[in-house]
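See below for the structure under consideration.
The values are calculated or read from the model by the stated rules, or taken from the named source; none is laboratory data. Everything numeric here is computed off the predicted structure, so don't read it as measured data. Cβ placement follows ideal geometry from the backbone for every residue including glycine, while neighbour counts extend to all protein chains displayed. These area figures cover heavy atoms from the full protein model, side chains too; ligands, DNA and RNA do not enter into them. Shrake-Rupley method; radii C 1.70, N 1.55, O 1.52, S 1.80 Å.
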Amino acid sequence: MVQVLAGIQYRAREQGAKITDVSLRAVCDGLRRQRAVSAVTADPEQITGKAARSLLRAFARRARLALADPAREQLADTWDLAVFGHPGGLSFTAITQPWLREAAKAWAAEELPRHRGGGAAKVREKISATVRLSESLRCRDDRGEDPQVLGRTDAEAFLNRLGYLESAGRISRYQRNVLCRGTRFVLTGIRALGLTRPGQPAAGLPGDFTVGAGDIPADPVRGEPGRDLPAGVMNQLCAGLDSLEPAEVRTAIAIAIDTGRRPEDILGLPLDCLDRDPDGAPVLVYDNIKADRLSRRLPVGEATADVIRAQQARVRARYPAEPVGTLRLLPTPRANPHGRKAITIAMLGDRHRDWAMSLGPLLAGDGAEIDPDRLVPYAYRHTYAQRHADAGVPIDVLAELLDHRDLNATRRYYRVGEERRRDAVDKVTAMSFDRHGNRVWRHARALLESEHARYAVGETAVPYGTCSEPSNVAAGGGACPVRFRCAGCDHFRTDVSYLPDLTAYLDDLLRTRERLAAAIGGIDEWARADATPAEEEITRIRRLISRIKGDIADLPADGRARIDEAVTVIRKHRAVSLGMPAVRPAAPGSRALQ
């Protein structure tokens, strides 16, 4: 009776779940008929009604947790990870060798406290790798039950088995590497815990029974990851965002689009997650759950702040009596009487996928339909990063925005941008000109690799183009011997991406000439003559602009469009604005991607 009362109190007060009198009566009647001394030992299948059986299982689970402790749980072959503060369970039943099963349990008990949140999945992943090792050892005559007789041959048999499974298409290279690393981690941990000493489960396990770093195949070299969503798809998603329900899911997706935070970071937001910096601009305060870095601050736009404030108002209307400090920004609508539980990642993913698929075919810029498997909330983090990479944001700034400590993690996003930029450089370099306006496209292909390198280190050393004069290049473009009279120097070369700069330079020359030609007293003629732009320079720049425009005009419409797109990419990398790109304009109701 105590267990039933405790279960009722927990479900009603803590979980906010409704318990009908019919279900409760069926549970009590069933317990009496079975003469059960505990809800844990009662058979749910003898209870009448699906709801009543579910209620009994909930009572039994609550009673088991109240009576359980980690030391006792470790004796079982199947663990309820709630005892260790983690969701789900962990089973060792598929590991048939007693020594390996007990050693794996000891390793898991040591490893679980080192993980947070969903980190138990990493432990579960490595136990799954140990299961694969157990399967391989069962092929021995003694089924691998004596650790003292194992050796390098058995480790190689396990590795060869994984290689066969990959070649047969039953596992991927990625899965093969995960299994190799997981097995290596567990075997190393078993030895580090002293479990191979006399009297321990793996006593006598030879040192050559291991998986070394050299045994793990190289990861395949991938091309562009493609985990970011194309601009066309983002426009469609943003345009239909108002139809996403419920409001908590819609708000979570809007925040993901605008800020690039991980789904677990967004779902963990407290109600009072919005702050202001000293200048009065809005700041999102969140916890980086994966890295365990708390109270991180990310500048956001007013449009994002408006989305958060609207959700805050909905939460306060729903929980008017609850303290603000205990409420979640995105509380789950079910079994949540105090607003302390957020919606789950599973709910977020399911609702987001159903909504995205309901919008009809989502087409990229080339008209191809996007793979539905890419439509996951985490893709918005990649899209956020790619948007900044394409805008030329330096890697250290992007790492700060993504809250990365390791720049190698951030470089994944820049690799995408670099390939796109390389394609743009190819197109633009093919329309290069010397100072006389002559096309140098015949030499462009041979220069492409050096051109890529030049763009990678800062694009240009001089205004309006590139310079190959040795002393100027050595000085980073700051030591031109002719004081940047580029139109009169054979070391100068330009391309179509500099056309706006050349046009602006010509306008400046003409304005300067007219201003100096006016009656301005107090200027010696030699000074006026030196400051006045030379007619030859104006003529040379005008001819160069005319030649570039003429060659562009000779291209077909699709060729001009490709050149325009390439120029846009190149110029973004040449002149970087570190402002925060907005996915939606500030105007209310508009969801177009900028």
Report, by residue number, each residue of segment 530-549 that is open to solvent by less than 70 Å² (accessible area, probe 1.4 Å) and in a helix (DSSP H, G or I).
ALA531, GLU537, ILE538, THR539, ARG540, ILE541, LEU544, ILE545, ILE548
I'd like to check something: does segment 311-323 contain any residue that is within 26 Å of the chain's Cα centre (by Cα) and either on the phi > 0 side of the Ramachandran plot or in a loop (DSSP other than H, G, I, E, B) (or both)?
no
Tally of residues being in a helix (DSSP H, G or I) and more than 16 Å from ALA6 (Cα to Cα) across segment 26-53
13
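Matching residues to (1) open to solvent by less than 70 Å² (accessible area, probe 1.4 Å); (2) of a type in the set (A, V, I, L, M, F, W, C); (3) within 52 Å of the chain's Cα centre (by Cα):
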residue: CYS489; (1), (2), (3): yes, yes, yes
residue: VAL496; (1), (2), (3): yes, yes, yes
residue: LEU506; (1), (2), (3): yes, yes, yes
residue: LEU509; (1), (2), (3): yes, yes, yes
residue: ALA527; (1), (2), (3): yes, yes, no
residue: ASP551; (1), (2), (3): yes, no, yes
residue: ARG562; (1), (2), (3): no, no, yes
Give the residue, chosen from ARG124, ARG116, that is within 28 Å of GLY268 (Cβ to Cβ) and loosely packed, with under 13 Cβ neighbours inside 10 Å.
ARG116
Those residues of segment 139-181 that are on the phi > 0 side of the Ramachandran plot and free of Cβ contacts under 8 Å to residues at least 40 places away in the same chain come to a total of 1
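Quick grid of which residues meet (1) surrounded by 15 or more Cβ atoms within 10 Å (Cβ to Cβ); (2) hydroxyl-bearing (Ser, Thr, Tyr); (3) within 20 Å of THR130 (Cβ to Cβ):
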site: TYR10; (1), (2), (3): yes, yes, no
site: ALA26; (1), (2), (3): yes, no, no
site: SER54; (1), (2), (3): no, yes, no
site: GLU73; (1), (2), (3): yes, no, yes
site: GLY85; (1), (2), (3): no, no, no
site: ARG101; (1), (2), (3): yes, no, yes
Can you go through VAL233, VAL211, VAL221 and tell me which one is at negative phi, at pLDDT below 95, assigned to a loop (DSSP other than H, G, I, E, B) and surrounded by 18 or more Cβ atoms within 10 Å (Cβ to Cβ)?
VAL211
Output the residues belonging to segment 343-354 that are open to solvent by 30 Å² or more (accessible area, probe 1.4 Å) and more than 25 Å from ILE8 (Cβ to Cβ).
ILE345, ALA346, MET347, ASP350, ARG351, ARG353, ASP354
Would you point out the residue of segment 252-265, among those that are assigned to a helix (DSSP H, G or I) and out of contact with any Pro (no Cβ under 8 Å at 6 or more places or on another chain), that is most open to solvent (accessible area, probe 1.4 Å)?
GLU264
Residue list for segment 266-292, filter: among the acidic types (Asp, Glu), buried (at least 16 other Cβ atoms within 10 Å of the Cβ) and more than 24 Å from HIS115 (Cα to Cα):
none
Just a yes or no: is a residue in segment 312-327 open to solvent by 50 Å² or more (accessible area, probe 1.4 Å), in contact (Cβ under 8 Å) with a residue 40 or more places away in the chain and under 22 Å from GLY260 (Cα atoms)?
no
Collect the residues in segment 127-159 that are under 38 Å from the mean Cα position of the chain (by Cα) and open to solvent by 40 Å² or more (accessible area, probe 1.4 Å), keeping them in residue-number order.
SER128, ARG132, GLU135, GLU156, ALA157
Test result for ARG32, open to solvent by 60 Å² or more (accessible area, probe 1.4 Å), of a type in the set (Lys, Arg) and under 20 Å from VAL83 (Cα atoms):
no
Is there a residue in segment 355-367 that is open to solvent by less than 30 Å² (accessible area, probe 1.4 Å), part of a helix (DSSP H, G or I), within 20 Å of GLU245 (Cβ to Cβ) and in contact (Cβ under 8 Å) with a residue 12 or more places away in the chain?
yes
